[in-house]
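Heads up: the structure comes next, in structure tokens.
The values are calculated or read from the model by the stated rules, or taken from the named source; none is laboratory data. Predicted model only: the values in this text are computed from it and were never measured. We place every Cβ from the backbone using ideal geometry, glycine too, and count neighbours over all the protein chains shown.
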Amino acid sequence: MSKVATPFVRNTASLGGNIILAQKYPFPSDIATILLGAASTVRLQVYSETLEVTFEEFLEKPPLDPSTLLLSVFIPNWASDSQKESNVILETYRAAPRPLGNAVSYINSAMLGHVSLNEPSGDLVLSNLHMAFGAYGTEHAIRATKVEQHLTGKVLTPSVVLEAVQLLRETIVPMEGTSHPEYRVSVAVGFLFSYLSPFAKGIKGPGKTLNISSAGSLDTDDICNLPLSSRRETISIDEYKPVGEPIKKYAVELQASGEAVYVDDIPAPKNCLYGEFIYSTQSLAHVKNIKFKASLASEKILTFVSANDIPSGGQNIGSSLMFGDEPLFGAPVVEYAGQALGVVIAETQRYANLAGKQVVVEYDTKDLKPPILTVEQAVQNNSYFEVPPKMYPKQVGDFCKGMAEADHKILSTEVKLASQYYFYMETQTTLAIPDEDNTMVVYISSQYPEVAQSSIAKCLGIPFSSVRVITRRVGGGFGGKAFRSCNVATAAALCAFKLRRPVRMYLNRSTDMIMIGGRHPIKAFYSVGFKSDGRITALHLDILINAGISPDASPIMPDTIISGLKKYNWGALSFDIKLCKTNNTSKSVMRAPGDAQGSFIAEAIIEHVASVLSLDANSVRQKNFHTYDSLVLFYPESMDEASTYTLHSIFDRLLTTSSYLHRAESSRQFNSCSKWRKRGISCVPLVFKVAPRPAPGRVSVLNDGFIVVEVGGIEIGQGLWTKVQQMTAFALGQLWSDGCESLLDRVRVLQADTLNLIQGGLTAGSTSSESNCAATLEACNMLVDRLKPVMEKLKQQPDGVVSWDALIAQAVKDNVNLSSSTYWVPSQESSTYLNYGAGISE
């Protein structure tokens with residue numbers, strides 16, 4: 001029940017409303033399925049007559065007349081019968097895109113049955129079964145009566161269960177047009193197995209009695225007593241106080257109260273218009289005509305903006321990146337499904353959405369080759385993007401020699417990784433406001449306002465100085481707001497520029513998923529040689545990366561994939577990586593781009609080697625950990641002193657503190673006892689190469705002693721502003737021997753503004769807080785140097801005690817410049833370095 005919709009919906013809606021919807025419409029109700037499985041009954045008031053019907057009869061009735069009143073729902077008290085030694089077991093199941101709720105189910109189920117013990121044999125027998133299934137592409141939840149009748153009174157032998165599965169497959173038949181019908185049927189079978197599997201083995205041995213509370217308790221009572229997780233961390237932080245201290249997050253009150261302002265919370269300016277993208281549904285085609293089912297003459301629907309409306313001197317550019325520009329609109333040829341064709345503009349968002357649904361696009365594929373959609377097709381057509389030689393990773397060692405030393409070999413094994421969508425809470429959104437003198441102010445949810453500024457300026461054909469991009473905070477990014485947000489911002493700015501009115505654009509979730517892209521899909525083949533003890537001597541990889549239609553940031557992928565894969569010592573490492581150009585939405589950076597895929601491929605190889613040798617995967621992992629010397633060979637540009645290589649100790653400590661061996665043995669025992677359900681445990685190391693980027697910073701102290709800080713980094717929820725706040729208090733507090741922690745509450749961090757603070761850079765790569773704090777520290781140190789003479793002068797006074805307010809008041813009188821700016825650039829030694837970690841999951 002807790003997975004139905006959200007707490008807000010559950011607190012607002014009603015049980016009656018839910019099941020009436022399920023009765024009148026093809027509504028995929030989870031509640032109706034549970035009530036049907038629990039053999040509930042319903043009381044109805046039909047005019048002057050009161051009817052009591054089973055829930056099954058209730059659902060099968062014609063849609064209820066509006067005059068019919070639902071009086072009550074009765075759930076029987078299925079108490080266990082101690083005299084007959086029977087227990088009642090009710091289990092509910094649900095499969096959905098998001099397992100924790102707030103998503104419509106692919107299928108749901110509720111199963112109830114009496115479980116009794118056959119004394120002589122120790123077998124368990126089911127009776128009074130109610131098996132309900134719903135939301136699989138049916139008008140309403142149904143009972144699997146044939147399955148119930150088949151199982152009643154029988155011992156659950158394999159043949160009985162298999163026949164039940166066949167009967168269930170005949171029962172669960174999704175309606176035509178239902179998505180993933182085979183998957184839904186297979187999940188229904190899985191639910192049936194989950195319910196029946198604990199009863200299949202019976203209860204053997206003398207003196208055994210029936211005492212179960214759920215379908216899963218038979219499997220887990222004896223061997224699921226896992227130890228509690230524990231953690232201890234001791235850090236000495238006084239030296240840099242308040243840096244590193246656990247403090248409340250900056251502006252947490254605003255976020256917790258819902259008063260924090262995101263782009264879509266900014267009140268609409270006067271005469272604001274709303275835009276909706278019109279995008280292609282074809283992968284490669286000529287656009288012959290774009291028309292609307294209904295006329296655009298409605299006073300609420302104003303116009304359609306396309307590539308023809310780009311001003312003279314401007315360019316058809318949606319995002320302008322270092323590896324190449326991406327068009328804003330597909331014209332006259334669209335190159336992928338999801339490519340923008342234009343923007344329909346209306347007085348309200350509702351009318352913009354309605355107009356978008358009225359669009360009819362005529363396509364023509366004459367004289368065009370078939371679209372390239374897969375990496376295999378890209379290879380056949382020699383369709384690749386070039387990777388700059390300086391960005392292509394270097395191979396390590398002699399692969400042929402390493403393979404010659406191997407006792408065993410695995411050749412040309414395939415591993416595939418699909419794409420992922422970002423699923424940030426706030427989709428792409430922009431508010432563009434025309435200003436005086438042909439200038440533009442753009443509020444955008446972006447990790448990279450600087451590149452949005454340049455893209456807008458190039459599209460409109462105006463100087464960068466005429467475009468002011470502001471980002472206060474971002475409601476989730478994961479890389480999806482780095483480059484992919486530029487097209488939305490540029491489109492809104494173009495519409496506002498043409499119409500000389502503010503324009504707001506907010507992509508709905510469906511449009512966002514279609515147009516924005518995501519993580520790079522990858523197909524890889526590996527050949528690996530290894531010794532009998534699990535030590536790997538050589539590895540070769542052939543990797544095909546699906547980059548989509550434009551380079552975006554894809555040329556970084558070969559290096560990051562190999563960087564993530566290098567966490568193990570492969571002996572010799574060779575590879576051939578191709579960046580495939582396909583007629584798909586451009587793929588972009590997404591949380592640990594390349595590193596995540598490289599690490600996955602590495603673990604797949606380790607597991608494969610362990611399986612071939614019948615060894616524990618962890619022993620193979622540890623056998624192939626780097627020594628310091630091999631780490632220097634694989635990461636020559638990122639290595640520090642040997643004492644900084646801590647992966648061995650981290651991994652060993654994790655195994656100890658997590659009771660890995662005990663939990664692994666517990667999993668093995670569980671798997672030996674459970675036929676259908678299995679458990680696993682995995683402990684994975686990580687070597688992550690980070691590269692801090694340059695960052696600007698400005699710190700200003702106002703006359704009242706309050707402090708304003710500007711940095712290029714964007715607050716996405718990761719706490720960047722909090723860390724900058726702490727660094728400011730620490731750095732300015734250096735004027736006192738014991739620091740000045742009270743400065744923490746005087747610090748205000750301002751939103752990113754491309755005209756106030758230039759060269760803000762990209763917030764990504766797990767180093768933005770580090771870089772922006774370094775810039776803040778430099779700017780504060782400049783202020784400290786200016787304030788020290790003032791401090792010394794005040795100390796000469798009789799009491800010798802100097803407060804922050806007194807110091808600033810005197811500095812103002814002495815005409816000290818209380819604002820300092822800097823542009824921090826990492827040193828050669830810190831330009832890249834390695835982070836180590838390990839994680840365990842069960």
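Some notes on this structure:
- The single condition among (1) under 32 Å from the mean Cα position of the chain (by Cα); (2) at pLDDT 95 or above; (3) within 30 Å of residue 761 (Cα to Cα); (4) buried (at least 16 other Cβ atoms within 10 Å of the Cβ) that residue 265 does not satisfy is (4).
- Scope segment 574-630; condition among the small types (Gly, Ala, Ser) and outside any helix (DSSP H, G or I); matching residues: 574, 586, 588, 592, 594, 614
- The set of residues in segment 687-706 that are part of a strand (DSSP E or B) and more than 16 Å from residue 779 (Cβ to Cβ) comprises 687, 688, 689, 690.
- Checklist (1) over 30 Å from residue 614 (Cβ atoms); (2) touching a Gly at 6+ places or on another chain (Cβ under 6 Å) applied to residue 406, failing item: (1)
- Residue that is surrounded by the most Cβ atoms within 10 Å (Cβ to Cβ) [pool: residues in segment 637-658 that are farther than 18 Å from residue 621 by Cβ and of a type in the set (S, T, N, Q)]: 638
- Yes/no for residue 359 being among the β-branched types (Val, Ile, Thr), over 25 Å from residue 463 (Cα atoms) and surrounded by fewer than 22 Cβ atoms within 10 Å (Cβ to Cβ): yes
- So residue 305, is it in contact with a Gly (Cβ under 7 Å, 6 or more places away or on another chain), crowded, with 20+ Cβ neighbours inside 10 Å and outside the structural domain of residue 761 (by TED's automatic domain parsing): yes
- Criterion: under 26 Å from residue 558 (Cβ atoms), free of Cβ contacts under 8 Å to residues at least 12 places away in the same chain and aliphatic (A, V, I, L, M) - qualifying residue of 609, 632: 632
- Residue that is modelled with the lowest pLDDT [pool: residues in segment 222-255 that are part of a helix (DSSP H, G or I) and more than 18 Å from residue 749 (Cα to Cα)]: 238
- Only one of 39, 95, 103, 79 that is modelled with pLDDT of 90 or more and at negative phi: 95
- Subset of segment 526-565 that is under 16 Å from residue 597 (Cα atoms) and of a type in the set (Asp, Glu) - its residue that is surrounded by the fewest Cβ atoms within 10 Å (Cβ to Cβ): 542
- Within segment 767-787, the set of residues being among the hydroxyl-bearing types (Ser, Thr, Tyr), touching a strand residue (DSSP E or B) at 6+ places or on another chain (Cβ under 6 Å) and assigned to a helix (DSSP H, G or I) comprises 771, 776.
- Annotation note: Cβ proximity below 7 Å between a residue of segment 131-153 that is free of Cβ contacts under 8 Å to residues at least 24 places away in the same chain and a residue that is buried (at least 24 other Cβ atoms within 10 Å of the Cβ) (sequence gap 6+ or interchain) occurs for 148/131.
- Selected residue [surrounded by 13 or more Cβ atoms within 10 Å (Cβ to Cβ), modelled with pLDDT under 60, aliphatic (A, V, I, L, M) and part of a helix (DSSP H, G or I)] from 218, 210, 192: 218
- Among the candidates 728, 763, 754, the residue that is touching a residue at least 12 places away in the same chain (Cβ under 8 Å) and in contact with a Lys or Arg (Cβ under 8 Å, 6 or more places away or on another chain) is uniquely 754.
- Between 496, 489, the distinction of being farther than 17 Å from residue 715 by Cα and touching a helix residue (DSSP H, G or I) at 6+ places or on another chain (Cβ under 8 Å) belongs to 489 only.
- Number of positions in segment 506-554 that are among the acidic types (Asp, Glu), part of a loop (DSSP other than H, G, I, E, B) and under 23 Å from the mean Cα position of the chain (by Cα): 1
- If you filter segment 796-819 down to residues that are outside any loop (DSSP other than H, G, I, E, B) and charged (D, E, K, R), you find that the one that is farthest from residue 732 (Cα to Cα) is 813.
- Of the helices (runs of 4 or more DSSP H) lying entirely inside segment 1-101, those containing at least 2 residues that are assigned by TED's automatic domain parsing to the domain that holds residue 122 and surrounded by fewer than 17 Cβ atoms within 10 Å (Cβ to Cβ) span 7-12, 15-24, 55-60.
- Single condition residue 104 does not satisfy, out of (1) in contact with a Lys or Arg (Cβ under 7 Å, 6 or more places away or on another chain); (2) β-branched (Val, Ile, Thr); (3) surrounded by fewer than 16 Cβ atoms within 10 Å (Cβ to Cβ); (4) assigned to a loop (DSSP other than H, G, I, E, B): (1)
- The set of residues from segment 566-595 being within 26 Å of residue 651 (Cα to Cα), surrounded by fewer than 24 Cβ atoms within 10 Å (Cβ to Cβ) and out of contact with any helix residue (DSSP H, G or I) (no Cβ under 7 Å at 6 or more places or on another chain) comprises 591, 592.
- Restricting the search to strands (runs of 3 or more DSSP E) fully inside segment 299-400 and requiring at least 3 residues that are within 32 Å of the chain's Cα centre (by Cα) gives 319-321, 324-326, 340-346.
- Residue tally, condition assigned to a loop (DSSP other than H, G, I, E, B), of a type outside the set (Asp, Glu), more than 30 Å from residue 596 (Cβ to Cβ) and at pLDDT below 95, over segment 729-766: 4
- Unmet criterion (only one of (1) under 30 Å from residue 559 (Cβ atoms); (2) touching a residue at least 24 places away in the same chain (Cβ under 8 Å); (3) exposed (fewer than 14 other Cβ atoms within 10 Å of the Cβ)) for residue 676: (1)
- Hits in segment 405-422 (condition: surrounded by 14 or more Cβ atoms within 10 Å (Cβ to Cβ) and over 27 Å from residue 584 (Cα atoms)): 405, 406, 408, 410
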